[in-house]
1. Looking for whichever is closer than 30 Å to A:Ile9 by Cα, surrounded by fewer than 24 Cβ atoms within 10 Å (Cβ to Cβ), at pLDDT 95 or above and within 14 Å of chain B (Cβ to nearest Cβ) here; the options are A:Ala48, A:Ala54. Which one fits?
2. Of the residues that make up region A:1-10, is at least one in contact with a strand residue (DSSP E or B) (Cβ under 7 Å, 6 or more places away or on another chain), crowded, with 18+ Cβ neighbours inside 10 Å and at pLDDT 95 or above?
3. Is it fair to say D:Val311 is within 17 Å of D:Ile9 (Cβ to Cβ) and in contact with a Pro (Cβ under 8 Å, 6 or more places away or on another chain)?
4. Can you give me the number of residues within region C:22-45 that are out of contact with any strand residue (DSSP E or B) (no Cβ under 9 Å at 6 or more places or on another chain) and either surrounded by 19 or more Cβ atoms within 10 Å (Cβ to Cβ) or in contact (Cβ under 8 Å) with a residue 60 or more places away in the chain (or both)?
5. Would you check which residues across region A:25-41 are touching a Leu at 6+ places or on another chain (Cβ under 9 Å) and not acidic (Asp, Glu) and list them?
6. Just checking, which of A:Leu103, A:Leu73 is within 18 Å of A:Ile199 (Cβ to Cβ) and hydrophobic (A, V, I, L, M, F, W, C)?
7. Please find, among A:Leu238, A:Leu304, A:Leu297, A:Leu257, the residue that is more than 21 Å from B:Tyr253 (Cβ to Cβ) and surrounded by 24 or more Cβ atoms within 10 Å (Cβ to Cβ).
8. Of the residues that sit in region B:109-146 and are within 14 Å of chain A (Cβ to nearest Cβ) and not in a helix (DSSP H, G or I), which one is farthest from B:Ile67 (Cα to Cα)?
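The values are calculated or read from the model by the stated rules, or taken from the named source; none is laboratory data. In this text, all values refer to a predicted model and were calculated from it rather than measured experimentally. Heads up, the Cβs are rebuilt from the backbone with ideal geometry, glycines too, and the neighbour counts pull from every protein chain shown.
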There are 4 protein chains.
Amino acid sequence: MKPDHLDNIVAEIADEMAQRTDRGEVASYIPELANVDPQRFGLVVIDADGHVAAGGDADVPFSIQSISKVFTLTLALGKAGDRVWRRVGREPSGSAFNSIVQLERERGIPRNPFINAGAIAVTDLILSGHQPREALGEILRFMQFLGGDDSIVIDEAVAASEQRTGFRNAALANYMKSFGVLDNPVEYTLGVYFHHCAIAMSCRQLAMAGRFLAHNGRNPSTGHNVVSPQRARRINALMLTCGHYDGSGEFAYRVGLPGKSGVGGGVLAVAPGKASIAVWSPGLDAAGNSHLGRIALEALTKRLGWSIFGV
Amino acid sequence: MKPDHLDNIVAEIADEMAQRTDRGEVASYIPELANVDPQRFGLVVIDADGHVAAGGDADVPFSIQSISKVFTLTLALGKAGDRVWRRVGREPSGSAFNSIVQLERERGIPRNPFINAGAIAVTDLILSGHQPREALGEILRFMQFLGGDDSIVIDEAVAASEQRTGFRNAALANYMKSFGVLDNPVEYTLGVYFHHCAIAMSCRQLAMAGRFLAHNGRNPSTGHNVVSPQRARRINALMLTCGHYDGSGEFAYRVGLPGKSGVGGGVLAVAPGKASIAVWSPGLDAAGNSHLGRIALEALTKRLGWSIFGV
Amino acid sequence: MKPDHLDNIVAEIADEMAQRTDRGEVASYIPELANVDPQRFGLVVIDADGHVAAGGDADVPFSIQSISKVFTLTLALGKAGDRVWRRVGREPSGSAFNSIVQLERERGIPRNPFINAGAIAVTDLILSGHQPREALGEILRFMQFLGGDDSIVIDEAVAASEQRTGFRNAALANYMKSFGVLDNPVEYTLGVYFHHCAIAMSCRQLAMAGRFLAHNGRNPSTGHNVVSPQRARRINALMLTCGHYDGSGEFAYRVGLPGKSGVGGGVLAVAPGKASIAVWSPGLDAAGNSHLGRIALEALTKRLGWSIFGV
Amino acid sequence: MKPDHLDNIVAEIADEMAQRTDRGEVASYIPELANVDPQRFGLVVIDADGHVAAGGDADVPFSIQSISKVFTLTLALGKAGDRVWRRVGREPSGSAFNSIVQLERERGIPRNPFINAGAIAVTDLILSGHQPREALGEILRFMQFLGGDDSIVIDEAVAASEQRTGFRNAALANYMKSFGVLDNPVEYTLGVYFHHCAIAMSCRQLAMAGRFLAHNGRNPSTGHNVVSPQRARRINALMLTCGHYDGSGEFAYRVGLPGKSGVGGGVLAVAPGKASIAVWSPGLDAAGNSHLGRIALEALTKRLGWSIFGV
């Protein structure tokens, strides 16, 4: 594809989204997130050649929230390999992102690494053998490395806000702890979890960080091998089946790309072999996923023919 | 790809599978299915050019069971369009193929068209305005048309066996009926459902029938347009997220292709733009999916680089 | 107690109830029941001496519905003894009268004999070895014997109405059948079940029929021993913990007597050693129990000091 | 009844229990409780005249655990009246003592005050407006007052053990907190909860403390009015329907008295108008209730004809 063509499509979609009035509801359960301007919209596509097509608020940092789960899973797989799968499953949950019912039925083993319980279990694995501060430093450096930008930071106000109000996550963590699924003190694991969810990144940084998933585990510009090709494919598969909580089926049906959403309104999507994509619109739909984010990605894959399910 | 290469890979995999002793358990809940020889194995791949690579028992008919749900969904979408989605959702269920719990929580609306309850609701839509015999005739003719073979028939012994013992499905149907989700008499809808699950096809016929899904809704050999490109993509997306019950995540993780399994041990898989694939091995894993079928497909996509999640 | 005093209290309560405008909602899910006049109210208390205090519509027959479950349990215990408890539990369900969720979790064994599933399992035991007509005749004769009135009949219009619309019960029965909990053809068991629920009795007949439960298994007027003292106590215990579906705790808390309600608006209550009580008011509360029936019984036990939980 | 007769029966039962080898399993989930000698058995009955019949280890203190929930409920009702019922329901739960599933379905409102979640919510009410130390002091003084013994203390080793390992309870508390059901900091509420569960009492002290429930809210020996007659009846009703977790139906069926068990192996039972009873045997059954405790109470009510469900 010609870079111009991609630029035009991204610009068009950013324009269309700017005009829409149906923007969903900004997440209110984390007080700091509720203050974000619902009119914000950013879209960045980085193709295989490294061309960056950017639209809207492409350089405004936002709270990546659950999108961080893709990167902590990557890190945990690197450290613990398939031992990760003793702590967490690989199936869609069929319920909301913070459901505890499934944990009771399945003895504290979360269904997948992308629901909150699963990501907390993955965080606990990264933490093992380290102090919370060290583990968090490792995660942040990994994000800076992948995003190619040392200025990426944790928004401490958001982290503190979650720590004060994250009772549901504390319930999940304590529940898993009661089954022996967590190794570390609950407050340590939660501390690291709340902080990595509070990493702030722009669409440009996020799309850069996701490039290895689009290109067999390797960033084609830097040549860095992040994971093996098989592992990249498998992370993509998990994003497709589990990346949007109880809206994963809908995202696959409409967009047709592996993707991971966060309650900050961001979505990272992967077009294997073609591009890494980041979109941001703070308003959420009923399943807790970015409302315009999904619509923008649907428009993008349709115009570019990028669905993995057919041309 | 050269046809020879594909032929060789299919032959290799058929050989490997013939030697394995871990074959899963043949389904016993339908008495007629329990009699099938667990040593059977068939594999057929039909590529974009129409080349057919066949291995093992490629021409032995088996009971397609839930694989028929892909085709009844296709038929129902053709007749009722998006009205289908008023009766059935598009999300993975997070539970077994015959779970009734989800129905109670969600007022009788099945989570997706590929669990039993969802397929019964889809069958009810096809039946509406017709006699059971007519509806069943329409489904069978559709299969003969897609499979390019008028000799495809319903195995009446299997249908009768299910009708005698299908109490769980009768529970699901009556439950949905109590919420007004079914229009027709329960016994009519169940009769059509049991019969279309009892259609017998060989891997060759099944791979042929699935070609439209691999090629944007069109059979490239006959030129028949079965569905629109968008609809083909969407059916593929549903197969990926929901096609293997509570093993859908695992299938996506290991195989990386949209697929639909049946308790007869068959699997239809789709490599968009590349091939339609049918595999058959009667022994099932714990989630009710063909044990060697999944292993064979994993080997195939690995050797051919056909995963939709990366080369 | 002096008969006059009891007569006065019953008359007072009937008067008070006649004036209340909060009457709940008449059950609509069985079409025939929806036609009953919500202004109806009957109350009959028969004390240990056989004195009958009657108020309101004491002699108007109504559909006893689930109250019949007390008597079918009594009959089944007489025929099968403790084998009954292989098919059905003895614990409150913590959910609605027609929930199917619990059945999935507990392999088709209903929690207790007073939820629909449990009563269907009990009916199946009574039916075993008989034709449906014979089993139903036995149940009806048992009711006539206990009620001391051969004119008690089944309301065929109600039975037919339930048979046409009882999809939820058909779901429960088929579900249990799939686990092997029922021995007989589902339609036979359901036929007997729908018919015994459709028995029509007046408060006077019902209070008479319940006397053996108040007096250690023996009708003190006739001297007939119906069950052993221990069995009478145990049936009373089950009525207290499970007799009002998911409102059983509330009924124990407010009324303090073993009782069994039906969606026809009747309640049979037992004051051990003191009296058998029947009340009828067709309007139901949110848990499906007679709204004024419970209020009338609360007033009665308060004025008479009949709670089993203290004077 | 003659005191001699009661003494003899209590002695007989204590003898019989001493000889039994089926003693259940001592609770292991709280490390400190696991050390208790499973051969211990105590039984104390205090009749309406204040006569004390004692058998076995009647004066050995044990951890009352969940039996404390009866007394904290009594205290909370005294302080907050019916406001208690905005935080907690009055229905049996139909599930285990520490289930979290019900909380998800019912927006954080526990089903009743005798499951862990419900008792934590009640503790939170007692705590409101106080420091944890003050609230705990109030509870302990209430127990000393009711037990007529200022030497009753909290076993700090047990409290510390629970605080270190009580992750499931921390999950429940955080979960309720996320719904706004708790007012106080989770660690404060849990601290008070763990400590009042760790109160140590002998059967003699416990039977004394329960006397007000057997006698319309009033201790007949001291003349102290603890609660109104109506409130005493209602607490008894809750004990009967909810006092033994998911074994409440079974306890009602076999014993026929209101009762509350604790995982320390104690049971407080109430024969309204007749007696207050405490029994202790550390081994538990599958539902988490004292195995021999229930058997001893069944023998006692049978020989004395004390069931509330009939002579």
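1. A:Ala48
2. Checking region A:1-10: at least one residue is in contact with a strand residue (DSSP E or B) (Cβ under 7 Å, 6 or more places away or on another chain), crowded, with 18+ Cβ neighbours inside 10 Å and at pLDDT 95 or above.
3. On the way: within 17 Å of D:Ile9 (Cβ to Cβ): yes; in contact with a Pro (Cβ under 8 Å, 6 or more places away or on another chain): yes.
Taking the combined requirement at face value, the residue satisfies it.
4. Adding up the residues that qualify gives 2.
5. A:Val26, A:Ala27, A:Phe41
6. A:Leu73
7. The conditions single out A:Leu297.
8. Looking only at region B:109-146, we keep the residues that are within 14 Å of chain A (Cβ to nearest Cβ), and these are B:109-115, B:117-118.
When the remaining residues are screened for being not in a helix (DSSP H, G or I), the result is B:109-115.
Details: B:Ile109: 21, B:Pro110: 17, B:Arg111: 17, B:Asn112: 14, B:Pro113: 11, B:Phe114: 9, B:Ile115: 11 Å.
Step by step, filter region B:109-146, then rank; the result is B:Ile109.
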